[in-house]
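Below you'll find the structure, written out as C-alpha cells, and then a few comments.
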Amino acid sequence: MKFFVDTADIDDIRDLASTGLLDGVTTNPSLIMKAGRPIKEVIADICAAVDGPVSAEVAATDFDGMMAEAAVLTPIADNVTIKVPLTWDGLKACRALSQKGIGVNVTLCFSATQALLAAKAGATFISPFIGRIDDMGYDGMDLIGDIRAIYDNYDSISTEILAASVRSNNHVRDAAKLGADVATVPPDVLRKLANHPLTDKGLAAFLADWEKSGQSIM
Ligand code: G3P
C-alpha cells in the first residue's frame, strides 16, 4: 500500500518525507486555507519536498474554469496531480486532462457508481471519503470493498483506489485488507501507525538488560 499524507503543512511533509516512506501528498482547499499561504507557493514547496504525486485541487466548479485552473497548477512541477470534484464537469475535466497525460485525482467520491465513472474518465486516483461516510452512520469500508470488486472486474481499469478522509489506524488497516492502493492520512494518524505500547515496553526492557550486560556494540 502506498502512503500519502493529507496536509499542506510543509514542515510535517518534510519531516515525514525524511523517513523515505512517504509516497505522495494530497491537499484540498481547506488544507490550503489552513496553510495560510498562496496555493502556488505551497504546491511548489510540497512538490520539491516529495518525489511522488502531489494533488492540487481546483476551486472552479465549471469545466472551463477547472481547465483554466489546471493550466496554472500543472506547470508548477512535474509531480502535480490535478484534483477535481466528482461532478459531471469534474469528470469532463478529468477526461480532458488525462487525455493530455496529466494525472488526475477525482475527489469527494461517496458511491461505487461515481468511482466507475471516474475510472471511465481516466482518473489516476479515485478518492472515496471513508470517514465522512462513517460520520453519516454508514460504513465507509463497504465503499472501498465495492470499488475494489468492481475495478477488479475490468482489466482496462488502471485507476488507483486512494482511501481518503482517513481518521484512524483501523481505517488504514481495513482499507489495506480490502485492497485500496493508497491511503492518504493526516500527519498525526500517519505517525501513530508505527506506535504500539508493547513496542515501547519491550524496548525499555531490552535496553535495561543491555545496560546490565555492560556491553557495547561499537
Ligand atoms: O482526503 C480528504 C480529506 O482531507 C477529508 O478528510 O477528515 O475532512 O473528512 P476529513
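Structural remarks
- Dividing the helix sum by the residues of the chain, where each DSSP H run of 4 or more adds -39500 (n - 2.57), gives a mean residue ellipticity at 222 nm of -14500 deg cm²/dmol.
- Solvent-accessible heavy-atom area per residue, rounded to whole Å², over region 155-218 at 1.4 Å: 67 Å²
- Sequence of Tyr151, Tyr138 when ordered by accessible area, the most exposed leading, probe 1.4 angstrom: Tyr138, Tyr151
- Of the beta bridges in the chain, as assigned by DSSP with both residues counted there, near 0 percent are antiparallel.
- What region 1-103 shows is 48 Å² of accessible area per residue, with the surface traced by a 1.4 Å probe over protein heavy atoms.
- Just the protein heavy atoms count here, and of the accessible area of region 2-213 at 1.4 Å, carbon and sulfur take up 55 percent.
- Sites Ser213 and Lys34, calculated FRET efficiency, Cβ-Cβ separation with R0 35 Å, nearest 0.05: 0.10
- Building the convex hull from the alpha-carbon atoms of region 45-180 and averaging its projection over directions returns 8.4 nm².
- Separation in nanometres of the label points that stand 7 Å from Cα toward Cβ, at Ala176 and Leu203: 1.8 nm
- Most to least accessible of His196, His171 (protein chains only, probe 1.4 Å): His196, His171
- Rounded to the nearest 20 debye, dipole of region 36-195 from Cβ charges on Lys, Arg, Asp, Glu: 120 debye
- Phe3, Phe129, reordered so the largest accessible area comes first (probe 1.4 Å): Phe3, Phe129
- About the Cα centre, charge dipole magnitude for region 1-57 (Lys/Arg +1, Asp/Glu -1 at Cβ), debye: 120 debye
- Efficiency of FRET between Ser111 and Ser168 - r from beta-carbon atoms, R0 25 angstrom, step 0.05: 0.65
- Using a cut-off of 30 Å between Cα atoms, the listed pairs Lys40/Lys177; Lys177/Lys201; Lys40/Lys100; Lys2/Lys120; Lys2/Lys40; Lys40/Lys92 include Lys40/Lys177 as exceeding that distance.
- Couplings for region 155-164, taken from phi via the Karplus curve 6.51 cos²θ - 1.76 cosθ + 1.60 with θ = phi - 60°, read 4, 6, 8, 10, 4, 8, 7, 10, 5, 10 Hz in order; Gly and Pro are left as x.
The values are calculated or read from the model by the stated rules, or taken from the named source; none is laboratory data. Given the structure is predicted, the values throughout are model-derived calculations rather than measurements. Glycine gets a Cβ as well: all are built from the backbone with ideal geometry, and neighbour counts include every protein chain shown. Accessible surface is based on the protein model in full, side chains and every heavy atom, while ligands, DNA and RNA are left aside. Shrake-Rupley method; radii C 1.70, N 1.55, O 1.52, S 1.80 Å.
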